[in-house]
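To start, the structure under review is shown below, and the notes come after it.
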Amino acid sequence: MSVSADWSWQRVALAGMRDALLLPAWIVGFGLIGIGSLARDVGYPVDVAVLSTILVWAGPSQVLFFASIAAGAAWSAIAIAIAFASLRFLPMTMAILPLLRRPGQSIWQQLFLSHYVAVTAWTEGLRRLPGIPVHQRVAYFLGFANTCMAVSSVGTFAGYYLLGALPVPFAAGLLCLTPIFFLVSLTAGLRHRSDVTALVLGLALAPVCERFIGGGFDLIVAGLIAGSIAFMIGRKRKAAK
């Protein structure tokens, strides 16, 4: 949905909500149904499951949290494991924050916005925000991201009471929705040959790094290698022109 420069922030936020409800919010919402089931399986109440979606806002980290509790891991070990699992959000945040910055914006406002950086909001933000006037990007992003979070909270709540009611293949399929949507959205946002190079190399290196590195660092290493190679190729092509 296009956004006009003379719209009020309420109308811009509503546009973000509508874009999220067209598909992205439902993808991430269905993907987090399993979080509610997992929380109930380890004996936590439904409000804790929903709160984890709002505060953590990262499915893999939530799975790690509840699974570690079920395994009887120490709280310090759980905290360290989740911190390492969340390292992937650092480069994502650094990539999208320049699109959300505006004059007079405080560091606290930027930290608040960084909380909403997740796979769906990040990929769709990179694709949609450049076409939105700078002064309206924050309102659009918050409308989009909060809608995704609200639908995901409902999905977590529903999943809590669907424990054992979902066939295992269907539940596993729900967990795959978010990475599939991420790949499709990322592909739709490709603009340059260097972008294509980074994506193709990342997909090729991911299984290799998982085999020889693992430990949660495989995707980071694959992304750094693929991104660095694509960046150097892009620079050489620019210098040759």
(request) Give the range 30-53 a look and list any residue that's open to solvent by less than 40 Å² (accessible area, probe 1.4 Å), within 22 Å of Glu124 (Cα to Cα) and at pLDDT below 85, or say none. (result) Gly31, Leu32, Ile33
(request) Please work out if Leu87 is more than 20 Å from Ala25 (Cβ to Cβ) and open to solvent by 40 Å² or more (accessible area, probe 1.4 Å). (result) yes
(request) Kindly check whether there is at least one residue in the range 54-66 that is in a helix (DSSP H, G or I), at pLDDT 85 or above, open to solvent by less than 70 Å² (accessible area, probe 1.4 Å) and not aromatic (Phe, Trp, Tyr). (result) yes
(message) Tell me the residue from Phe84, Phe66 that is touching an Asp or Glu at 6+ places or on another chain (Cβ under 9 Å) and farther than 19 Å from Leu142 by Cα, please.
(response) Phe66
(request) Answer with yes or no whether Gly131 is at pLDDT 80 or above and either of a type in the set (Ser, Thr, Tyr) or open to solvent by 50 Å² or more (accessible area, probe 1.4 Å) (or both). (result) yes
(message) Can you list residue pairs whose Cβ atoms sit under 8 Å apart, with the first residue in the range 4-27 being without any contact (Cβ under 8 Å) to a residue 40 or more places away in the chain and the second being open to solvent by 90 Å² or more (accessible area, probe 1.4 Å)? Count only pairs 6 or more apart in sequence or on different chains.
(response) Arg18/Met1
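The values are calculated or read from the model by the stated rules, or taken from the named source; none is laboratory data. Bear in mind the structure is a predicted one, so any value in this text is a computation, not a measurement. We place every Cβ from the backbone using ideal geometry, glycine too, and count neighbours over all the protein chains shown. These area figures cover heavy atoms from the full protein model, side chains too; ligands, DNA and RNA do not enter into them. Shrake-Rupley method; radii C 1.70, N 1.55, O 1.52, S 1.80 Å.
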